[in-house]
Amino acid sequence: MSFSEIIETIDGFLWGWPLIILLFGTHLFMTLRTGFVQKDLFKAIKLSVTKDPDVEGDVSQFGALTTALSSTIGTGNIIGVGTAIAMGGPGSVLWMWLTGIFGIATKYSETLIAIKYRVKSEDGSMLGGAMYALDRGLNKKWLGIVFASLAAICAFGIGCMVQANAVVTNARQNFATDENSGRILTYATAIILCLVVGLVIIGGIKSITRVSEMLVPFMAAFYVIGCIIILVMNADVLGETVTTIISAALSPRAAGGGFVGSTVAAACRYGFARGLFSNESGMGSAPLVASAAQTRNPKRQALVSMTGTFWDTVVVCLMTGLVLVSSIIKHPTIDGLSGNGAELTSLAFSMIPAIGIPILVIGLVSFSFSTILGWYYYGERCAVYLLGEKVIKVYKILWVLGIFVGSVTELNLIWNIADLFNGLMAVPNIIAVLLLSKVIADETKKYAGAHIDDKDETEIPTIKNAKKGVLA
């Protein structure tokens, strides 16, 4: 067995039942531990567009949210949903949706402890994330180092090279006329992407959040409008679509044109796995940027951050799932269990005359571009924790080089390694969430009701050696 096959086997095992049980089990536990924090969703949405002035932080609450969304709303919402349906049948849509409903509690929890245990560098910039919760909250610096190392490396694969490759592949497939034009288009797109990303990340978190605040609402609205057009076109089968999804999730075989049949276990596995991968609840990624937010207490930003899972999975993934399943039912010639999620999604959007494929292409490109920006910040924050601020310039250069390499090479092995590291990131992060669950519950009660506007009087400590990093 080759090295690539070994990695693929381990990756397939990890993203199977082990992570499903770990992550979804945590989702259920934290839902109970927080007193079903999902009930505060509408308050959280309101807070997400409310400024919190005169408090410490580098960016606004909305800026932190959109930066986190820029990395979570991505190809997983489009191709990932298609893959879940192709491999697990229409029932996977329901299980995917449930990961979003219950994952809201885990996103809230991991963000709350990231804010509570964040620190300041000597220049006043905020530093936080799972590594600081593990370090300061649990006195387990070694686990913080493990998390930061996995995230810093993983970022190059899943957040950089793979996303750049998706942008270039889409450009080549839709605009190249022959092999020679495809090669020219590949290098031209790669160079343009390197320049644009380089110009954004050179300005740091404030530049990234400014772009995210403009791009994320636009790209999400643009894609959702496309989904709504298809759902209107498929209005006559929407009732059957919902029935098919529910029955397929709970019974051994799926009904409906184009669906040969799938087991409940397959629907559950692929729905959970793609949902967990898409919204990143429990991965510890979003709290890295949430820690930079201007917020008067940990609960406020935790509520804001949890809306990211709602928008990502409960809304966008669900709409994609409804689009795909309704299209398969209305057009039985589409093979719903073909195994090719990207092809399935393309066929569904091609049903919109003239503008269907452009909507999909623009959605994929903008989602991939925004993911590159969001994951850059995640990786940089983890690298700074390990090696100090001296690594930032080097990390920026390596990131841009990674974009170019990812654009012009095949990435099957890199994808599997990044996917593996992405899954492993969840382990130390979930340890922090579970072992600090009492702290999370206490903070949730402390700032309940009218106290949500109370300012946390705990002084954020300044770390004198933050510029050097823990490994210095």
Taking the Cβ of each residue in Arg183, Arg172, Arg118 as the centre, tally the other Cβ atoms inside 10 Å and list the residues starting with the fewest. Arg183, Arg172, Arg118
So, counting K/R as plus one and D/E as minus one, what does the shell of residues with Cβ under 14 Å around Met219 add up to? -2
Relative contact order (percent, whole number), region 3-445, Cα cutoff 8 Å, 6+ residue spacing: 38
In units of 2.2 N^0.38 Å, what is the alpha-carbon radius of gyration of region 341-453? 1.54
The extension gain from Leu435 to Ala354, computed as 0.36 nm times the residue separation minus the Cα-Cα distance, is 23.8 nm
Taking every pair of alpha-carbon atoms in region 381-424, what share in percent sits in each 10 Å bin, from 0 to the bin with the longest distance? 24, 38, 36, 2
Overall Cα dimensions of region 3-445 - principal axes, largest extent first, Å: 62, 53, 45
Under the rule of at least 5 residues apart or a separate chain, name every residue whose amide H is placed under 5 Å from the amide H of Asp456. Asn297
Two-decimal Rg/Rh of region 392-472 from alpha-carbon positions, Kirkwood Rh? 1.15
Least to most buried among Met131, Met161, by other C-beta atoms within 10 Å and fewest first, runs Met161, Met131
Compute the acute angle (0 to 90°) between the alpha-carbon long axis of helix 141-156 and the principal axis of greatest extent of the alpha-carbon atoms of the chain; round to the nearest 10°. 40
Once you order the gyration tensor axes a ≥ b ≥ c over the Cα atoms, which shape class does region 130-288 get: rounded for a/c under 1.5, otherwise prolate or oblate by comparing a/b with b/c? oblate
Go through region 81-90 residue by residue and turn each phi into a ³J(HN,Hα) via Karplus (6.51, -1.76, 1.60, θ = phi - 60°); whole Hz please, and just put x for glycine and proline. 5, x, 5, 4, 5, 5, 9, x, x, x
Against the empirical 2.2 N^0.38 Å scaling, what ratio does the C-alpha Rg of region 94-150 come to? 1.37
Write out the trypsin sites (Lys or Arg not before Pro) in region 372-472 meeting two conditions: DSSP loop, and at most 16 other Cβ atoms within 10 Å of their Cβ. Lys455, Lys464, Lys467, Lys468
Quickly estimate the mean residue ellipticity at 222 nm for the chain, helices only: each DSSP H run with n ≥ 4 gives -39500 (n - 2.57), and the total goes over all residues, rounded to 500. -22000 deg cm²/dmol
Fewest first, what order do His451, His27 take by the number of other Cβ atoms within 10 Å? His451, His27
Zone of Phe36 (label point 7 Å along Cα→Cβ, backbone N under 20 Å): which residues in region 70-103? 95, 97-103
Alpha carbon Rg of region 118-192, scaled by the compact-globule rule 2.2 N^0.38 Å: 1.77
Principal axis lengths of region 80-121 from Cα atoms, whole Å, largest first? 48, 19, 8
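Rule-based calculations on the coordinates, nothing more; no lab input. Because the structure is a prediction, the values reported are computed rather than measured. No Cβ is skipped: glycine too gets one built from the backbone with ideal geometry, and neighbour counts run over all protein chains shown.
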